[in-house]
Amino acid sequence: MKSAHLGVVSLMATSALLAACTSDGAAPSVMGAASAASATAPMTQAATVDNFMLVDQNLEAHELYRLADAKAVVLVTQANGDAVMRGLAPALKALKAGYAAKGVEFLMLNSSLKDDRDAVIAEAKSAGYDTPVLLDVNQLVGEQLGVSRSAEVLVVNPKTWTVVYRGALDAQSTAAALDAVIAGKAVQTASAMSKGAAIAFPERGLTPTRISYAKDVAPILEAKCVACHQEGGIGPFAMTNYQMVKGFSPMIREVLRTDRMPPYNADPHVGKFADSKNLSSNEIKTLVHWIEAGSPRGSGVDPLGAVKHVAPEWPLGKPDLILNVPAYKIPASGVVDYQHPYVVNPLTEGKWIRASTIKVGERQGVHHILTGYMTEIPKDGQAYENKWGVSVGGYAVGAESEVAPKNVGTYMPAGGAIGMQNHYTPFGKEVTDHSQIALYFYDKKPEMVMHNSVIVDNTISLPPGDGNHEEVSYLEFPKDALLYSAFPHAHYRGKAADVWIRYPDGKEKLLLSLPRYDFSWQRDYTFAEPIKVPAGSKLIAHFWYDNSKRNPNNPDPTKTVVWGDQSWEEMFYVAIRYRWEGETSDKMNNFDQALNEQRMFTMMDDNIDGKLQKSELKGRLGGMIGGYFAAIDTNKDGVLQKAELNAAQSMLGGGRRRAPTTAAQGTQDVTAGGK
């Protein structure tokens with residue numbers, strides 16, 4: 001398992017960064033207003049390209065170093081409204097088509113501050129660009145490459161990440177450069193430079209010493225990074241003082257340029273979130289420019305060294321109740337099946353939960369811990385999910401505490417037990433896990449009730465070698481609701497995810513976009529304001545999977561991958577938290593069963609038309625239904641309706657189980673035989 005607290009940059013990448021970030025390196029500053037001259041200040045055209053991750057106009061993430069197997073990478077600069085670049089669109093399209101089979105990757109780079117995503121979408125459609133346009137919103141890539149104009153082409157050799165050709169986008173000259181790179185020959189220097197539109201870089205050429213470690217850098221780290229990077233924290237090192245930060249500064253630059261840190265993968269241009277960990281554009285540029293200037297100490301007291309930061313045992317304060325997860329010995333190797341222990345509920349009276357924290361004992365070996373209240377202590381000693389009620393907390397790699405919104409809670413009755421679903425992963429060392437669950441209760445009963453469900457699809461099937469396989473699933477809300485958060489979950493091959501709402505009138509809105517899903521950092525994304533979900537609305541989730549060799553986490557790109565518990569298998573679910581409009585803790589109107597009983601249908605309805613065509617039936621579950629298709633299709637219209645499938649569920653090996661109320665049940669308990 002790729003643990004959340006392991007190093008996130010390779011030794012090779014770190015060495016390259018150390019070589020690049022010398023003390024006399026030039027670094028623009030984000031502090032103060034830029035002078036007019038800065039846009040045209042002298043620049044250094046980079047001989048090599050440092051790794052980066054940028055999102056294109058369609059919210060797809062592209063990381064440069066994942067293209068290491070390409071024969072060449074072509075970067076073409078672009079700015080909206082540039083007549084030169086628009087005129088070259090057919091030539092670029094022809095070049096891309098001509099070299100696709102030869103292993104050449106083409107990307108466009110927009111570093112223009114005046115062009116937002118919507119404008120780039122419109123420009124790409126109007127100009128006829130069929131190449132992804134990477135949005136360099138912080139201008140860090142354009143700055144490092146020495147970009148100055150649109151319609152410039154850079155040919156990169158992925159074996160060394162060197163820029164072997166640079167000049168005006170010209171079909172003949174660019175083709176000659178590509179042919180030379182592919183053949184392993186020397187590339188001729190370009191005969192002409194681009195005459196495309198100038199691209200302003202306001203911070204290029206500003207004095208790097210304008211950035212103060214004490215006044216500018218350390219406060220950002222203290223506010224946004226130290227919570228994890230402190231003694232006892234989840235981070236791989238503690239930011240205890242300037243020297244420690246300087247030593248890790250190449251890594252910091254790397255993870256900022258590739259958007260691995262902070263570990264909050266929601267695209268900042270889609271929606272607003274109450275728990276956002278994203279750095280602002282100015283904060284990112286301040287840190288990167290300071291590091292590129294050699295991480296100067298400057299004057300002033302070191303804010304990080306002046307105060308000793310130590311992670312508290314319980315980040316939310318003293319718990320009202322601590323539950324000890326039964327100890328489990330994780331072997332050094334092998335495969336560990338899901339464990340289903342329980343603890344007896346010590347409460348003698350019911351309580352309303354306002355927050356929970358799971359403190360993991362062995363972070364490297366614990367993939368997740370999910371929980372559910374049970375009215376009875378299981379007689380067989382196994383707390384399987386079909387016995388669960390409400391969740392009393394959960395943990396997955398990188399997750400934090402669960403905190404309910406003000407005046408919204410989850411009721412846990414007295415007595416019974418708390419069941420668990422624990423996923424342990426061996427990591428080369430035998431250890432015993434001693435995790436704990438902390439619960440925090442309301443002093444007074446809250447007015448509103450929190451509910452949990454999951455958008456799930458256990459019929460997924462990932463073809464071998466497919467680097468961008470898409471799956472979709474949805475839930476249709478039977479009554480008005482308010483959506484508070486979404487928690488996307490997949491495994492090693494998860495690439496990207498999003499969540500949309502489709503209103504009853506057919507209009508759609510993107511609520512959450514994760515252009516790059518990271519298995520090492522899984523979390524709730526809590527909306528700044530709850531999303532109104534009118535009755536009849538659909539919450540639609542998409543997952544994209546990378547089952548190719550370009551995915552560095554892929555256990556085996558030659559295999560077809562289906563749903564499974566272990567991390568080398570795959571999952572599709574998005575856990576959601578919501579409440580029903582009009583429901584109060586005194587007047588319960590629980591519509592969860594009506595919401596969840598449709599799940600078997602909606603996971604297979606890939607075109608979201610409310611009907612199941614035979615072509616949509618896939619996986620083991622789809623095969624079972626397909627075998628009874630003619631019998632289930634009682635009105636003989638050639639498709640299956642929700643009512644027909646609901647009426648036929650008893651034919652699927654034991655009938656429908658009760659509606660799940662937790663993410664774990666959503667994944668394991670959709671129907672009997674569903675796995």
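Packing, taken as the mean count of other beta carbons within 10 Å per residue, orders the peptides 277-286, 516-525, 427-436 from highest to lowest as 516-525, 277-286, 427-436.
Out of every Cα pair in the stretch 208-306, what percent are spaced more than 23 Å from each other? Walk me through the numbers before you get to the answer.
Details: 1044 of 4851 pairs.
So the pairs more than 23 Å apart make up 22 percent of the total in the stretch 208-306.
Here the extension length gained between residue 188 and residue 282 equals 29.9 nm, from 0.36 nm per residue of separation less the Cα-Cα distance. Short-range pairs are left out: with C-alpha atoms under 8 Å and at least six residues apart, the relative contact order of the stretch 208-306 is 49 percent. Here each label is just a point 7 Å from Cα along the line to Cβ, and for residue 348 and residue 241 those points are 5.3 nm apart. The ranking of 618, 587 by Cβ neighbour count inside 10 Å, starting from the fewest, reads 587, 618. Placing a label point 7 Å from the Cα of residue 629 along the Cα-to-Cβ line, the residues of the stretch 452-489 whose backbone N sits under 19 Å from it are 459-461.
A simple spin-label model places the labels of residue 429 and residue 509 4.8 nm from each other, with each point 7 Å out along Cα-to-Cβ.
Length gain on complete extension for the stretch residue 159 to residue 584, per 0.36 nm per residue less the alpha carbon to alpha carbon distance?
Details: separation 425, 0.36 × 425 = 153.00 nm, distance 6.19 nm.
Value of the extension gain: 146.8 nm.
Set the Förster distance to 25 Å, then compute FRET efficiency between residue 560 and residue 130 from the Cβ-Cβ distance, nearest 0.05. Let's see the in-between values first.
On the way: r = 29 Å, r/R0 = 1.18.
Here the calculated transfer efficiency is 0.25.
The 3J(HN,Hα) values that the Karplus relation (6.51, -1.76, 1.60; θ = phi - 60°) gives for the stretch 508-513 are, in residue order, 10, 9, 7, 9, 8, 10 Hz. Gly and Pro appear as x. The alpha-carbon positions of the chain define a convex hull whose volume is 176 Å³ per residue. Computed from Cα atoms alone, the Kirkwood hydrodynamic radius reported for the stretch 359-504 is 18.4 Å.
Taking each residue as 0.36 nm, the span from residue 97 to residue 297 lengthens on full extension beyond its C-alpha to C-alpha distance by 67.0 nm.
Quick check on the chain: of the DSSP beta bridges with both residues there, what percent are antiparallel, nearest 5%? Taking every DSSP beta bridge within the chain, about 90 percent pair in antiparallel fashion.
Read-outs: derived from the displayed coordinates by stated rules, not from any lab. As the structure is a computational prediction, the values presented were derived from the model and not from experiment. Cβ: placed from backbone, ideal geometry, glycine included. Neighbour counts: every protein chain shown.
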